[in-house]
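Student: This is the structure I want to talk about, given as structure tokens.
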Amino acid sequence: MALSCMRCPAGAAARRAAAPPPSPTAAVSFARCGFGRSTAAAAGSWRIHAVAPQGVKAPMDPNVKNAVTPTSPPKVENGSPSEITLDEFEDLSDLSKNDDSTVSITVVGASGDLAKKKIFPALFALYYEDCLPKHFTIFGYARSKMTDAELRNMVSKTLTCRIDKRENCNEKMDEFLKRCFYHSGQYDSEEHFIDLDKKLKQHEGSRVSNRLFYLSIPPNIFLDVVKCASKSTSSVNGWTRVIVEKPFGRDSESSAALTRGLKQYLVEDQIFRIDHYLGKELVENLSVLRFSNLVFEPLWSRQYIRNVQLIFSEDFGTEGRGGYFDSYGIIRDIMQNHLLQILALFAMETPISLEAEDIRNEKVKVLRSMKPLQLEDVVIGQYKSHTKGGTTYPGYTDDKTVPKDSVTPTFAAAALFINNARWDGVPFLMKAGKALHTKRAEIRVQFHHVPGNLYKGSFGTDLDRATNELVIHVQPDEAIYLKINNKIPGLGMRLDRSNLKLHYAARYSKEIPDAYERLLLDAIEGERRLFIRSDELDAAWSLFTPLLKELEEKRIAPELYPYGSRGPVGAHYLAAKHEINMILFMIFLLPFLSYCTPRYWDRYKRKQMRIRQAVHKVWRHVSVI
């Protein structure tokens, strides 16, 4: 199977049988389907902790006054026992073995593209891999009028089967679709959610009911849905959880207001803020690569790493879907969440354990150690129309849903810095853009030059060619490779740059699960490691809000770049400023460097603007090619 069998009932049963008895002073887990995690939710997403003399709260919890406080009796939120004593462990185990619980998954906004293209296919994939509970029901909820049969017909068009189990695909699809139902209603109507509650109870019967709501809707109606669902559709004898999709506000103020609104009806442990990039295989592998390989962890600091690049590019523009994008832009849409989350995972210190709170605490420390972005360390761009090969590609403002005078950036590059002992002085360069020359998401780690390199004569003045580099291809074509210097076979001493490469498609025959599969399963299990905590969100917005306000108040015009190019030339100047990827600039600037001798320095300063314009013309020509 594409997912580990430890997440499935059979593997979990074997694991429970071999598990030692719980210690009276340590936390224990009773995992139904948990990758063998110590943090897995117990008894079909229930978490069980032994009672200790004292309890320790997460150090990043803003409500903590003292690190250690007396343990209070277990509390019940919405009828959901999150912690129980050891005396109750045996009863809960028997309850799980009797399959006396069910999970009801409600996709709010079921008629939208995200639900059709991602959420329903991910749920089917989990069912296909036998990773959903024995008793589960899926409800679609939206304003559109639709019958159960029409929902099933819509969903069936987007479902695909795992390549290693294709023989029973149709049978599995039919079984899955029989568990899908639809309820039409308004998002702000408690009456309609009461009707939904009645339907859910019909399917749940007398079992313990656990309920998961996925808000696949615009953020302006989050609070309406949460209010109605909380009051009318919460579970009375199991857990209730809500998955919230980005954007989580537009800035620090709106994000904080959204968090306050959600917490009027939910506690923090019920809120699962999803960033699907955290569920991607290569992003999850970051901590494994670093913390389980001795060769990398000692190098993971300013002593050996020269710079880190986080790159996201798409080879298409908004193309008719610019209305939403124009109100947010590339910085809010990609950099403030996807790339910043990857940066935090990459740069964090070793957590105490793999517990969700321990990992999220370390991520928050990284974000709080970073300087807010300054305008001089940022370049913004916007793609323009371009004709190539007889085909004309429209510019951003050619989109009918975008205002003609829009200054919303479709490209941004930013240099960020972390003020701590490990990363002081190391530039983290983020680049994100639409309508570029290729589609990719990757992490590039460039190491320092070898001090006193014996073979520097073989590379001439091009020291960057001799620099080791670790590249992690997040998507597409997942891979990890390390660039090394190597001798070319022969009698002479000629050096070559070679790659030590792990290509996932060649190494592993199993299909890589979609990010939404992993995150949905984690939410069902109560595993919060890959979801964003409220203080983490606050710290992330604090880095970008001053910059965003300055860009919007001053209406700073983005630099134009051709559709299908490598982006605005200003991004390469920013990279050069921080000594990142200097090769192309050395090629372009060498003819002009003769002016930089002491004799001609004054003349060079006077001609600096003309040189910049000349480089811009050369780069624009190369970008078009």
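Student: (1) open to solvent by 10 Å² or more (accessible area, probe 1.4 Å); (2) closer than 30 Å to Asp269 by Cα: which one isn't true of Leu491, the others all being true?
Tutor: (2)
Student: Run down Phe248, Phe222 and say which single residue is free of Cβ contacts under 8 Å to residues at least 60 places away in the same chain and among the aromatic types (Phe, Trp, Tyr).
Tutor: Phe222
Student: Would you point out which residue out of Ile480, Ile512 is under 25 Å from Asn307 (Cα atoms) and surrounded by 11 or more Cβ atoms within 10 Å (Cβ to Cβ)?
Tutor: On the way: Ile512 fails: under 25 Å from Asn307 (Cα atoms).
None of the other options fit; the residue is Ile480.
The rows are residues; the columns are (1) open to solvent by 10 Å² or more (accessible area, probe 1.4 Å); (2) closer than 23 Å to Trp541 by Cβ; (3) in contact with a Cys (Cβ under 8 Å, 6 or more places away or on another chain); (4) not β-branched (Val, Ile, Thr).
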position	(1), (2), (3), (4)
Leu258	yes, yes, no, yes
Gly261	no, yes, no, yes
Glu268	yes, yes, no, yes
Arg306	yes, no, no, yes
Gly317	no, no, no, yes
Gly322	no, no, no, yes
Gly329	no, yes, no, yes
Arg332	yes, yes, no, yes
Leu340	no, yes, no, yes
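Student: Next question. Tell me which of these Thr350 doesn't satisfy, since it passes every other one: (1) more than 24 Å from Val283 (Cα to Cα); (2) among the polar types (S, T, N, Q); (3) open to solvent by 20 Å² or more (accessible area, probe 1.4 Å).
Tutor: So Thr350 meets the others, but not (1).
Student: Here's a follow-up. Could you tell me whether Ser287 is under 22 Å from His503 (Cβ atoms), of a type in the set (Ser, Thr, Tyr) and open to solvent by 10 Å² or more (accessible area, probe 1.4 Å)?
Tutor: So Ser287 passes the test.
Student: Pairs, please: C-beta under 7 Å, at least 6 apart or cross-chain, first residue under 22 Å from Ser101 (Cβ atoms) and in the range 187-203, second of a type in the set (A, V, I, L, M, F, W, C) and at pLDDT below 90?
Tutor: Listed by first residue and then by second, the contacts come to nothing, as the list is empty.
Student: Something else: For the range 552-562, state whether one or more residues are at pLDDT 90 or above, touching a Cys at 6+ places or on another chain (Cβ under 8 Å) and buried (at least 19 other Cβ atoms within 10 Å of the Cβ).
Tutor: The answer is no, given that none of the residues of the range 552-562 is at pLDDT 90 or above, touching a Cys at 6+ places or on another chain (Cβ under 8 Å) and buried (at least 19 other Cβ atoms within 10 Å of the Cβ).
Student: A follow-up question, please. Conditions first: (1) open to solvent by 10 Å² or more (accessible area, probe 1.4 Å); (2) under 26 Å from the mean Cα position of the chain (by Cα). Lys199 passes all but one, so which condition is the exception?
Tutor: Of the numbered conditions (1) open to solvent by 10 Å² or more (accessible area, probe 1.4 Å); (2) under 26 Å from the mean Cα position of the chain (by Cα), the odd one out for Lys199 is (2).
Student: Here's a follow-up. Take Leu436 and decide whether it is buried (at least 20 other Cβ atoms within 10 Å of the Cβ), closer than 25 Å to Leu574 by Cβ and in contact with a Leu (Cβ under 8 Å, 6 or more places away or on another chain).
Tutor: no
Student: Confirm whether Arg241 is open to solvent by 10 Å² or more (accessible area, probe 1.4 Å), in contact (Cβ under 8 Å) with a residue 24 or more places away in the chain and under 29 Å from Asp195 (Cβ atoms).
Tutor: When the stated conditions are applied, Arg241 passes them.
Student: Of the residues that sit in the range 459-478 and are in a strand (DSSP E or B) and either under 14 Å from Val445 (Cα atoms) or modelled with pLDDT under 80 (or both), which one is nearest to the chain's Cα centre (by Cα)?
Tutor: The qualifying residue nearest to the chain's Cα centre (by Cα) is Val474.
Student: If the requirement is being of a type in the set (Asp, Glu) and under 29 Å from the mean Cα position of the chain (by Cα), which of these qualifies: Glu191, Glu253?
Tutor: Glu253
Student: If Phe312 passes every condition in (1) surrounded by fewer than 23 Cβ atoms within 10 Å (Cβ to Cβ); (2) under 28 Å from Asp405 (Cα atoms); (3) under 21 Å from the mean Cα position of the chain (by Cα) but one, which one does it miss?
Tutor: Condition not satisfied by Phe312: (1).
Student: If I filter the range 131-153 down to residues being part of a helix (DSSP H, G or I) and among the charged types (D, E, K, R), which single residue comes out as most open to solvent (accessible area, probe 1.4 Å)?
Tutor: Across the range 131-153, the extreme among qualifying residues is Glu150.
Student: Mind telling me which of the residues Tyr182, Tyr187, Tyr128 ends up being more than 18 Å from Ser230 (Cβ to Cβ), surrounded by 15 or more Cβ atoms within 10 Å (Cβ to Cβ) and touching a Cys at 6+ places or on another chain (Cβ under 8 Å)?
Tutor: After ruling out the rest, the residue left standing is Tyr128.
Student: Here is a further query. Of all residues in the range 169-179, which are crowded, with 19+ Cβ neighbours inside 10 Å and at pLDDT 90 or above?
Tutor: Passing the criteria: Phe176, Leu177.
Student: Just give me the residues in the range 171-186 being in a loop (DSSP other than H, G, I, E, B) and in contact (Cβ under 8 Å) with a residue 40 or more places away in the chain, in sequence order.
Tutor: Across the range 171-186, the qualifying residues are Arg179, Gly185, Gln186.
The values are calculated or read from the model by the stated rules, or taken from the named source; none is laboratory data. None of the values given here were measured: they were computed from a predicted structure. A quick note on method: Cβ atoms are made from the backbone with ideal geometry, for glycine too, and the neighbour counts reach across all protein chains shown. Areas reflect the complete protein model, heavy atoms only, side chains present, ligands, DNA and RNA absent. Shrake-Rupley method; radii C 1.70, N 1.55, O 1.52, S 1.80 Å.
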